[in-house]
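The values are calculated or read from the model by the stated rules, or taken from the named source; none is laboratory data. It should be emphasised that the depicted structure is a prediction, and the values quoted were computed from it without experimental measurement. Cβ: placed from backbone, ideal geometry, glycine included. Neighbour counts: every protein chain shown.
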């Protein structure tokens, strides 16, 4: 992207909470980014699960059009992409990218394209899109964990397409929102340090749950509170099942050189299998039957001077996620609310490990991390 002014065009997949927050962040700050960094960020296409909106040259340059879109996406309830003028039903996600790559080839401004995946789409949908962009010499930024958690062969092909050191692919926000987790590991590796273990609380929802259990709140009440506060997914089992934390752990393990698959991660779900097939109201009504079990676990930990935390433990050889007893006066034990905490143990940071701590969830926070990744690519390329 050489030159004093660089044109960076965005094809964004995903218009949920993070996607709308990112669109707002870019739209409101594009002028400042250009004046400060000489990076001209322009939206070329917005894509959701069914619809694509390609912005023509005039639209891409029009603050009025972008402002109108932003107002709609930030309305309560937000407007949908399919309701926007010019939106079309997409033939496929790859076809959207192909349209923009073809336009880019006919562009004489030296623009570069960044595929931004802030969707929740599966790896079978998004990995081919991301790899196709990378193979064409373009760029990708992911907040979606799934493309990084598919079969290891697909993962390696995607990294190979990104070039030496995967320098056209960034995915900081897949593990800790805007917290510097991925970048900390890569910086340690660049410094020739050996990262042999990462422990972390990678779910603000489960951090909240365990801190409420510690405060004496019943399991069922703690889950209801988390749901009412918007900390959980619409179906709390998406959080309580531990799979989201397992994906984050797997991303870190692969960054450390592991060949593990998602099925290899040991996962402790915080509800029994017999509740998996209930509808959401039925699941919520069944939670009190788990209160005694979790109260007993809290009491057992307290007798040992410990508290429960939902932790991921990652090494190059293994991953496990689940409830663990930790010392009450340890960094994990002192953790409250929805904050995340990640501990890196390395050859150089062993007896006194490196710690990253802070909020690890939220649409605005995650969007800010995605924007930082986009600008990081633009500045380095």
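Regarding the range 297-314, can at least one residue be identified that is assigned to a strand (DSSP E or B) and surrounded by fewer than 15 Cβ atoms within 10 Å (Cβ to Cβ)? Taking every residue of the range 297-314 in turn, none turns out to be assigned to a strand (DSSP E or B) and surrounded by fewer than 15 Cβ atoms within 10 Å (Cβ to Cβ). In the range 77-91, of all residues being surrounded by 11 or more Cβ atoms within 10 Å (Cβ to Cβ) and under 24 Å from the mean Cα position of the chain (by Cα), the one that is nearest to residue 50 (Cα to Cα) corresponds to 81.
Pick out the one residue from 31, 119, 49 that is closer than 24 Å to residue 363 by Cβ, at pLDDT 90 or above and part of a loop (DSSP other than H, G, I, E, B). Lay out the reasoning, then the answer.
On the way: 31 fails: part of a loop (DSSP other than H, G, I, E, B); 49 fails: at pLDDT 90 or above.
Unique residue meeting the criteria: 119.
The lone criterion from (1) assigned to a loop (DSSP other than H, G, I, E, B); (2) in contact with a strand residue (DSSP E or B) (Cβ under 7 Å, 6 or more places away or on another chain); (3) closer than 22 Å to residue 229 by Cβ left unmet by residue 207 is number (1). If the condition is being in contact with a strand residue (DSSP E or B) (Cβ under 8 Å, 6 or more places away or on another chain) and surrounded by fewer than 17 Cβ atoms within 10 Å (Cβ to Cβ), then the range 28-44 contributes 34, 38.
Taken across the range 140-154, residues that are part of a helix (DSSP H, G or I), free of Cβ contacts under 8 Å to residues at least 12 places away in the same chain and surrounded by fewer than 20 Cβ atoms within 10 Å (Cβ to Cβ) do occur, with at least one present. Summed over the range 259-285, residues that are free of Cβ contacts under 8 Å to residues at least 60 places away in the same chain and under 25 Å from residue 324 (Cβ atoms) total 14. On the basis of being at pLDDT 95 or above, over 16 Å from residue 314 (Cβ atoms) and either in a loop (DSSP other than H, G, I, E, B) or not assigned by TED's automatic domain parsing to the domain that holds residue 102 (or both), does residue 188 make the cut? Considered against the rule, which asks whether it is at pLDDT 95 or above, over 16 Å from residue 314 (Cβ atoms) and either in a loop (DSSP other than H, G, I, E, B) or not assigned by TED's automatic domain parsing to the domain that holds residue 102 (or both), residue 188 comes out as no. Residue 327 - would you say it is free of Cβ contacts under 8 Å to residues at least 40 places away in the same chain, over 18 Å from residue 202 (Cβ atoms) and in contact with a helix residue (DSSP H, G or I) (Cβ under 9 Å, 6 or more places away or on another chain)? Criteria met by residue 327.
Looking at residue 338, is it in contact (Cβ under 8 Å) with a residue 12 or more places away in the chain and under 23 Å from residue 187 (Cα atoms)? Break it down stepwise before answering.
Working: in contact (Cβ under 8 Å) with a residue 12 or more places away in the chain: yes; under 23 Å from residue 187 (Cα atoms): no.
Considered against the rule, which asks whether it is in contact (Cβ under 8 Å) with a residue 12 or more places away in the chain and under 23 Å from residue 187 (Cα atoms), residue 338 comes out as no.
Whether a residue is farther than 27 Å from residue 176 by Cα and either within 20 Å of the chain's Cα centre (by Cα) or surrounded by fewer than 19 Cβ atoms within 10 Å (Cβ to Cβ) (or both) was assessed, and residue 239 does not pass this test.
Please verify whether residue 206 is under 20 Å from residue 371 (Cα atoms), touching a residue at least 24 places away in the same chain (Cβ under 8 Å) and buried (at least 20 other Cβ atoms within 10 Å of the Cβ), treating the condition exactly as stated. Against the criterion (under 20 Å from residue 371 (Cα atoms), touching a residue at least 24 places away in the same chain (Cβ under 8 Å) and buried (at least 20 other Cβ atoms within 10 Å of the Cβ)), residue 206 does not qualify. Being within 29 Å of the chain's Cα centre (by Cα) and in a loop (DSSP other than H, G, I, E, B) holds for only one residue in 277, 329, and it is 277.
Restricting 212, 247 to those that are more than 25 Å from residue 158 (Cβ to Cβ), buried (at least 17 other Cβ atoms within 10 Å of the Cβ) and touching a helix residue (DSSP H, G or I) at 6+ places or on another chain (Cβ under 9 Å) reduces the list to 212. If you scan the range 161-182, which residues turn out to be modelled with pLDDT of 95 or more and surrounded by fewer than 16 Cβ atoms within 10 Å (Cβ to Cβ)? None - no residue of the range 161-182 is modelled with pLDDT of 95 or more and surrounded by fewer than 16 Cβ atoms within 10 Å (Cβ to Cβ), so the list stays empty.
The single residue among 358, 322, 376 that is part of a helix (DSSP H, G or I), in contact with a strand residue (DSSP E or B) (Cβ under 9 Å, 6 or more places away or on another chain) and touching a residue at least 60 places away in the same chain (Cβ under 8 Å) turns out to be 376.
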